[in-house]
Amino acid sequence: MIGDKKVLYSAVQATGNLTIGNYLGALRNWVNLCDEYECFFAVANEHSITVRQEPAALRKHARELLTLYIAAGLDPEKNCLYYQSHVPAHAELAWILNCYTYMGELSRMTQFKDKSAKHEDNVNAGLFTYPVLMAADILLFQADYVPVGVDQKQHLELTRDIAMRFNSIYGDVFTIPEVYLGKTGRKIMSLQDPSKKMSKSDENPNAYILMMDDKDTIIRKFKRAITDSDTQVRYSDDKPGVSNLIDIYASCTGKSTEEIEKEFEGQGYGQFKLAVGEAVADVLTPIQERYADLSKNKDYIDGIIKNNAEKANYFANKTLRKVQKKVGFPELIR
Ligand code: TYM
């Protein structure tokens, strides 16, 4: 708790070009929840270097992401939007928590298995201990809730296990966080292969919609989306392509599955795909416009980065000092 509010924490990696999966699975929920909670949203640039990055591009992407947080509707005066690398306590707590996490637990992480298969030439130790850094992010801020997409759920479960293990040895040090999953959009699938998660690293650009795609591109990509040989707009396990489009449409319009099925009864896929494209463009266009305006205002963004880094450091250091004391690190006498 901070004051009378519970704490919400989340982050996105600073690897550029967010998809509507990132938006509908995470960011949009942050915006919906932010009035109710004390919120910290990081630009997870330390996580990003588990895969080789070009330094100038990483710097640029971090700034773009923080700007996008504001453009998506997060008020930087009320929410703490900051760069992970500006808060040294993340790396320090991660080290300590590494010593309370088992190799076996980390070996079971599906993201590690996927990423190490994808980057065979660079299976570094950071990729392996990545979930511990994520646990440190969350636990530093004593978060009650962590809004993420389904793909991060396993990391959240590990975070809880680490926190409970630590608390059972040292007393009530960490708040045990709960995952928050939205009702819709928790796992947006590829438009070209609905058995795969939509991801910006997909080789086929038609598989994903980027938050910065213009309306024509969005509509074109939805027109090409894989459906099935049937013509019925119906949510069902045996219709993964259509079900994914229904989920996206529901996320963007707030309509229920039943309402959507009724709306497109007897109309075939052409009309439906066009409507999905338009609904997505309606959500993204105002964000893109605000983003363009904000990007011109360098001093404003610089000020936000500086002030929020101070705020994040203040709260993170409080937890870090407590943890250091518990494990037996002596205080520095000043
Ligand atoms: P990242 O950067 O891969 O994704 C950011 C957020 O977007 C969600 N997401 C999706 N949701 C629905 N459908 C999809 N296709 C989809 N793709 C991505 C993710 O679930 C996530 O919520 N390790 C994290 C970043 C992180 C973090 C944290 C998150 C670092 N520290 C602390 C929460 C708390 C990651 O790589 O997310």
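The values are calculated or read from the model by the stated rules, or taken from the named source; none is laboratory data. As the structure is a prediction and not an experimental result, all values here were calculated from the model. Here Cβ is always computed from backbone atoms with ideal geometry, including for glycine, and neighbour counts include all displayed protein chains. Just so you know, the surface numbers come from the protein's heavy atoms only, side chains and all, with ligands and any DNA or RNA stripped out. Shrake-Rupley method; radii C 1.70, N 1.55, O 1.52, S 1.80 Å.
Which one is farthest from the chain's Cα centre (by Cα) among residues in segment 19-42 that are assigned to a strand (DSSP E or B) and within 11 Å of the ligand (Cβ to nearest atom)?
F40
Which of the residues belonging to segment 282-301 are among the polar types (S, T, N, Q), more than 25 Å from T253 (Cβ to Cβ) and either open to solvent by less than 50 Å² (accessible area, probe 1.4 Å) or not in a helix (DSSP H, G or I) (or both)?
Selection gives N297 alone.
For segment 302-334, give me each residue that is acidic (D, E) and either in a helix (DSSP H, G or I) or open to solvent by less than 100 Å² (accessible area, probe 1.4 Å) (or both).
Hits for segment 302-334 are D302, E310.
Restricting to segment 209-255, and then to whatever is of a type in the set (S, T, N, Q) and over 19 Å from Y23 (Cα atoms), can you tell me which residue is surrounded by the fewest Cβ atoms within 10 Å (Cβ to Cβ)?
So in segment 209-255, the residues of a type in the set (S, T, N, Q) come out as 217, 227, 229, 231-232, 236, 243-244, 251, 253.
Now drop any that are not over 19 Å from Y23 (Cα atoms), which leaves 227, 229, 231-232, 236.
On the way: T227: 20, S229: 4, T231: 15, Q232: 16, S236: 12.
If we take residues in segment 209-255 being of a type in the set (S, T, N, Q) and over 19 Å from Y23 (Cα atoms), then S229 is surrounded by the fewest Cβ atoms within 10 Å (Cβ to Cβ).
Would segment 52-69 turn up any residue that is open to solvent by 10 Å² or more (accessible area, probe 1.4 Å), away from the ligand (no atom under 14 Å from the Cβ), at pLDDT below 95 and not aliphatic (A, V, I, L, M)?
Yes - at least one qualifying residue is present in segment 52-69.
Would you point out which residue out of R186, R220, R234 is in contact with an Asp or Glu (Cβ under 7 Å, 6 or more places away or on another chain) and either part of a loop (DSSP other than H, G, I, E, B) or not β-branched (V, I, T) (or both)?
R234
Which one of these is open to solvent by 30 Å² or more (accessible area, probe 1.4 Å), free of Cβ contacts under 8 Å to residues at least 40 places away in the same chain, within 22 Å of L139 (Cα to Cα) and not polar (S, T, N, Q): E36, E77?
Going through E36, E77 in turn, just one is open to solvent by 30 Å² or more (accessible area, probe 1.4 Å), free of Cβ contacts under 8 Å to residues at least 40 places away in the same chain, within 22 Å of L139 (Cα to Cα) and not polar (S, T, N, Q): E36.
Looking at F128, F166 in this structure, which one is over 22 Å from L8 (Cβ atoms) and more than 8 Å from the ligand (Cβ to nearest atom)?
Exactly one residue qualifies, and that residue is F128.
Looking only at segment 1-18, which residues are within 8 Å of the ligand (Cβ to nearest atom) and either of a type in the set (D, E, K, R) or in a strand (DSSP E or B) (or both)?
Y9, S10, A11, V12, Q13
If I go through segment 134-151 residue by residue, how many of them are surrounded by 22 or more Cβ atoms within 10 Å (Cβ to Cβ) and assigned to a helix (DSSP H, G or I)?
So the count comes out to 7.
Within segment 102-123, track down each residue that is among the acidic types (D, E) and open to solvent by 70 Å² or more (accessible area, probe 1.4 Å).
D114, E120, D121
Residue by residue, here is whether (1) within 16 Å of the ligand (Cβ to nearest atom); (2) touching a strand residue (DSSP E or B) at 6+ places or on another chain (Cβ under 6 Å); (3) at pLDDT 95 or above; (4) closer than 20 Å to G25 by Cβ holds:
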{"position": "K200", "(1), (2), (3), (4)": "yes, yes, no, yes"}
{"position": "D216", "(1), (2), (3), (4)": "no, no, yes, no"}
{"position": "D230", "(1), (2), (3), (4)": "no, no, no, no"}
{"position": "L274", "(1), (2), (3), (4)": "no, no, yes, no"}
